[in-house]
Amino acid sequence: MRPVYLDNNATTRTDPAVVEAMLPFFSEHFGNASSTHAFGEHVGEALKTARKQLQALLGAAFDHEIIYTSGGTEADSTAILSALETQEGRDEIVTSTVEHPAILTLVAHLEKTRGIKVHLIGVDNHGRLDVDAYARALSAKTAVASVMWANNETGTLFPVAELAEQAKAVGALFHTDAVQAVGKVAIDLKSTAIDMLSLSGHKLHGPKGIGALYVKKGVKFRPLIRGGHQERGRRGGTENVPGIIGLGAAADLALQHMDDERTRVKALRDRLEQGILQQVSNTLLNGDGENRLPNTANIAFEYLDGEAVLHNLNKAGVAASTGSACTSGSTEPSHVLRAMNLPSTALHGALRLSLSRENTGEDVDRVLEALPEIVTRLRAMSPAWLAREGADGAPAASHV
Ligand SMILES: *Cc1c(COP(=O)(O)O)cnc(C)c1O
């Protein structure tokens, strides 16, 4: 049977049309864009087109607001470190407890090695940011506030446009890790106060190893990687030409499929989610039910280990995740679900199902056929389940 891929928040399949757009830029148009001969010229033109394609997806006012990077992680590091250098006299960072490790590991390091004060703003049990605490943490000492556009584990969307306005009001820069949002929700940067935004190719059916940092025109910037004059001196090193071309093609396709993502993919996700919640008792939906990415479902099965569910799903030909790919493999519950204060009975039992435009109704059917039986079988072997409250006779309370 064809395997079902429901781990699109970890990475997406590079769209074959993207690969096709990239291929000529390996052995045919291999020139260096900086060269003044014909080989380089053709590449330079193609890069300009790709930049325009990404600009369109972001709704950026100018194409030179885009700086290509090696991915989302480099874009995040570049943004934070640049802000600390350019915002003189300001040495505090405001961010959230549910950011990706690309932000959290960096700010922890800065706190430890440079004495930067980091305000980690918490979330409620639906994963929504404590906006009052965010406002209180902002001050004349804030260099940068960085809050993700969409959470990779629960899909919860954050009100980044408002958060950016608040940061601006105290003279701080605002950065958003929009790696999970770009390509899935409409973005129009020219109409927001967002100063910097990170994105990554492989999360939107583009290639791995390419990403970008958007830096609004007029925002002071210091490069992370110095070298040649590439990217207007803001990121040294010969351009990843096939990657940039691929990201442009992926951006173009994402724009074309945006309505499909909002309607068909969302309908598939909703049917999958409702089917699981209805067929399996003692399940919790994690994240903001309303303000959420259209493709992500995060469901916790009480008294179970998500890794065991994942393993059995994998045997049934379904690929999913328990949360962030960077933390799976360890038995620690995810920092996101911990921050949301999930009941201890559910903390270890989370399953993330993340769809894409490539999924079909048949994929949803396959999961709905396999999953209830897996949960029943595993629970029958779980001492915690058998000893739970209400086990003798009365049906256990549903938390849904
Ligand atoms: C995947 C991801 C990243 C890292 O992007 P890479 O291109 O893999 O470095 C950063 N932030 C979020 C929210 C992500 O989902």
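List the GluC sites (Glu not before Pro) within the range 1-105 that fall in a DSSP loop (any state other than H, G, I, E or B) and whose Cβ has at most 11 other Cβ atoms within 10 Å.
Passing both the DSSP loop test and the Cβ count: 28, 88.
Roughly how much of residue 39 is accessible, in Å² to the nearest 10, using a 1.4 Å probe?
110 Å²
Name the shape class, rounded, prolate or oblate, that the alpha-carbon gyration tensor gives for the range 8-146, where a ≥ b ≥ c are the square roots of its eigenvalues, rounded holds for a/c under 1.5, and otherwise prolate holds if a/b is larger than b/c and oblate otherwise.
Prolate is the answer for the range 8-146, as a/c is 1.5 or above and a/b outweighs b/c.
At 1.4 Å probe size, with no ligands or nucleic acids counted, give the accessible surface of residue 219 in Å², nearest ten.
Estimated to the nearest 10 Å², residue 219 gives 30 Å².
Please go through the range 246-312 and write out the GluC sites (Glu not before Pro) that DSSP classes as loop and that have at most 16 other C-beta atoms within 10 Å.
Hits after loop and neighbour filter: 290.
Round to the nearest 10 and report in Å² the accessible area of residue 52, as given by a 1.4 Å probe over the protein chains' heavy atoms.
Accessible area, nearest 10 Å²: 110 Å².
By per-residue mean of other Cβ atoms within 10 Å, what is the highest-first order of 356-369, 374-387?
356-369, 374-387
Provide 26, 221 ordered by accessible surface of protein heavy atoms (probe 1.4 Å), highest first.
26, 221
When N is the residue count of the range 183-264, what does its C-alpha Rg come to as a fraction of 2.2 N^0.38 Å?
The reported ratio for this selection is 1.23.
Kirkwood hydrodynamic radius of the range 195-328 from all distinct Cα pairs, in Å?
In the range 195-328 this quantity evaluates to 18.4 Å.
Any chance you could list the semi-axes, whole Å, largest first, of the equivalent ellipsoid that the Cα gyration tensor gives for the range 90-177, using √(5λ)?
The equivalent ellipsoid of the range 90-177 has semi-axes of 19, 16, 10 Å.
Compute the separation of the alpha-carbon centres of the range 224-300 and the range 166-184 and state it in Å as a whole number.
16 Å
Over all distinct Cα pairs, what is the inverse of the mean 1/r for the chain, reported as the Kirkwood hydrodynamic radius in Å?
Answer for the chain: a Kirkwood hydrodynamic radius of 22.1 Å.
Roll a 1.4 Å probe over the protein chains and send me the accessible area per residue for the chain in Å².
42 Å²
In 5 Å bins starting at 0, how do the alpha-carbon pair distances of the range 113-253 split up by percent?
In whole percents, the pair-distance histogram is 2, 9, 16, 19, 19, 17, 10, 6, 1, 0.
Accessible area, 1.4 Å probe, largest first: how do 64, 42 sort?
From most exposed to least exposed: 42, 64.
Stokes-Einstein D for the range 238-393 at 25 °C, 0.890 mPa s, Kirkwood Rh over Cα pairs, in µm²/s?
Diffusion coefficient, whole number: 144 µm²/s.
When each pair of different Cα atoms in the range 1-58 is counted once in the 1/r mean, what is the Kirkwood radius in angstroms, to one decimal?
13.8 Å
222 nm [θ] for the chain, helices only, -39500 (n - 2.57) per DSSP H run of 4+, per residue, to 500?
Computed mean residue ellipticity for the chain: -12000 deg cm²/dmol.
Of all the accessible heavy-atom surface of the chain, with the other protein chains kept in place and a 1.4 Å probe, what percent is carbon and sulfur?
53 percent
In percent, how large is the relative contact order of the range 16-256, given Cα pairs closer than 8 Å and 6 or more residues apart?
It comes to 27 percent, rounded to a whole number.
What are the ³J(HN,Hα) couplings of the range 54-60, residue after residue, when phi is run through the Karplus curve with 6.51, -1.76, 1.60 and θ = phi - 60°? Round to Hz, x for glycine and proline.
6, 4, 5, 5, 8, x, 7
The values are calculated or read from the model by the stated rules, or taken from the named source; none is laboratory data. Remember, it's a predicted structure, so these values are computed and weren't measured experimentally. Neighbour counts run over all protein chains shown; Cβ positions are idealised from the backbone, glycine included. What goes into the accessible areas is simple: the full protein's heavy atoms, side chains included, and nothing from ligands, DNA or RNA. Shrake-Rupley method; radii C 1.70, N 1.55, O 1.52, S 1.80 Å.
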